[in-house]
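Read the structure below first, then the notes.
Nothing in this text is a laboratory measurement; each read-out follows from the coordinates by a stated rule. Small disclaimer: the values here were computed from a predicted structure and weren't measured. Methodologically, a virtual Cβ is constructed for each residue, glycine included, from the backbone with ideal geometry; neighbour enumeration extends over all protein chains shown.
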Amino acid sequence: MLIPFTLNSKEVSVDVPAYYKLSDVLRDEFGMYGLRSACRKGYCGLCSVILDGKLVYSCLIPVFQIKNREILTIEGYAETEDFEDIYKGFKKEGVHLCDFCAPARTLSTGILLDRYPRPDERQLLEILTAVNCSCTPYETLKAGILTAARFRQRRVN
Ligand code: FES
Ligand code: FES
């Protein structure tokens, strides 16, 4: 099946079986290795991408569903100023992520901060649990997210 879509602001298309997982297609056909195919069942969040502005787990999406839609991966997000805010916020608060989960954690934090520019406790929990990793203490991660949010506020205001 021929599937045209937008990937990181570029018009692209791919010809693969419709039932293929989006995570596999993005990695194998487009080299988007920032997303990890870890659990492949919707538990870990490491395959996160943005589909039409919403955070999704790409291992749960059959590729035919992205026809004529827009995908943003960490590779595209890394070109944005929003990315810089997250990077600086995490660094300032000593959030050290491994290479395996850093892309998904950064992307999910950035996109959820679009929805919650000044996150309360419940919203912070939603951001924290988008990616399943308990290596970094929650309090450290929370501080990183809040500092990133402040950097963004300062930049856009
Ligand atoms: S690989 Fe998709 S949620 Fe784990
Ligand atoms: S899996 Fe990367 S820091 Fe926990």
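If you place +1 on the Cβ of every Lys and Arg and -1 on the Cβ of every Asp and Glu, how big does the dipole about the Cα centre of the chain come out, in debye to the nearest 20?
380
What angle do you read, to the nearest 10 degrees and between 0 and 90, between the alpha-carbon axis of helix 102-115 and the longest principal axis of the chain?
So the helix axis and the longest Cα principal axis differ by about 80 degrees.
Would you mind classifying segment 1-42 by shape? Square roots of the alpha carbon gyration tensor eigenvalues, ordered a ≥ b ≥ c; an a/c under 1.5 is rounded, otherwise it is prolate if a/b is larger than b/c and oblate if not.
Numbers: a/c = 2.35, a/b = 1.34, b/c = 1.76.
Judged from the Cα gyration tensor, segment 1-42 comes out oblate (a/c at least 1.5, b/c at or above a/b).
Decide, for segment 1-85, between rounded, prolate and oblate: order the square roots of the alpha carbon gyration tensor eigenvalues as a ≥ b ≥ c, take rounded if a/c falls under 1.5, and otherwise choose prolate if a/b is larger than b/c, else oblate. Walk me through the numbers before you get to the answer.
Working: a/c = 1.82, a/b = 1.19, b/c = 1.53.
In terms of gyration-tensor shape, oblate.
Could you list ARG122, ARG69, ARG105 in order of exposure, starting from the residue whose Cβ has the fewest other Cβ atoms within 10 Å? Don't skip to the answer; put the middle values down first.
On the way: ARG122 8, ARG69 12, ARG105 28.
If I rank by nearby Cβ atoms, fewest first, I get ARG122, ARG69, ARG105.
Based on the mean of other beta carbon atoms within 10 Å per residue, what is the order of 93-99, 28-34, most packed first?
Numbers: 93-99: 14.1, 28-34: 16.1.
Result, highest mean Cβ count within 10 Å first: 28-34, 93-99.
Which ³J(HN,Hα) values in Hz, rounded to whole numbers, follow from the phi angles of segment 55-66 under the Karplus curve 6.51 cos²θ - 1.76 cosθ + 1.60, where θ = phi - 60° and Gly and Pro get x?
My calculation for segment 55-66 gives 6, 9, 8, 6, 6, 9, 10, x, 5, 4, 6, 9 Hz in order.
Which of SER13, SER58 comes first, and how do the rest follow, when ranked by fewest Cβ neighbours within 10 Å? Display every interim value, and only then the final one.
Values: SER13 10, SER58 25.
Fewest-to-most Cβ neighbours within 10 Å comes out as SER13, SER58.
What net charge is computed for the residues neighbouring ARG155, neighbours being all others with C-beta under 13 Å from the C-beta of ARG155, Lys and Arg scored +1, Asp and Glu -1? Working shown, then result.
Working: positive: LYS88, ARG150, ARG152, ARG154; negative: GLU81, ASP82, GLU84, ASP85.
Counting the neighbours of ARG155, the net charge comes to 0.
Could you pull out every residue, at least 5 positions away or on a different chain, whose amide H is within less than 5 Å of the one on VAL16? Hs are placed 1.01 Å off N in the peptide plane, and Pro or chain starts have none.
Amide H neighbours of VAL16, under 5 Å, 5+ apart: ILE3.
Would you kindly calculate the mean projected area, averaged across all directions, of the convex hull enclosing the Cα atoms of the chain, in square nanometres?
8.7
Order by neighbour count: TYR87, TYR43, TYR57, fewest other Cβ atoms within 10 Å first, most last. Before the final figure, lay out each step's value.
On the way: TYR87 18, TYR43 11, TYR57 23.
So the ranking, lowest neighbour count to highest, is TYR43, TYR87, TYR57.
Show the residues, 5+ positions off or on another chain, whose built amide H is closer than 5 Å to the amide H of LEU7.
VAL12, ILE71
Which value, in debye to the nearest 20, gives the size of the charge dipole of segment 2-73 about its Cα centre, when Lys and Arg are +1 and Asp and Glu are -1 at the Cβ?
Working: 9 positive and 7 negative charges, 59 e Å.
My answer is approximately 280 debye.
If I fit a long axis through the Cα atoms of helix 138-156 and take the longest principal axis of the Cα atoms of the chain, what angle between them do I get, 0 to 90°, rounded to 10?
80
Based solely on its DSSP helices, what 222 nm [θ] is calculated for the chain when runs of n ≥ 4 H residues each add -39,500 (n - 2.57) and the sum is averaged over all residues, nearest 500 deg cm²/dmol?
Details: 6 runs with 67 residues, N = 157.
Mean residue ellipticity at 222 nm (helix-derived): -13000 deg cm²/dmol.
Which angle from 0 to 90°, rounded to the nearest 10, does the C-alpha axis of helix 81-92 make with the longest principal axis of the chain?
Approximately 50 degrees, to the nearest 10.
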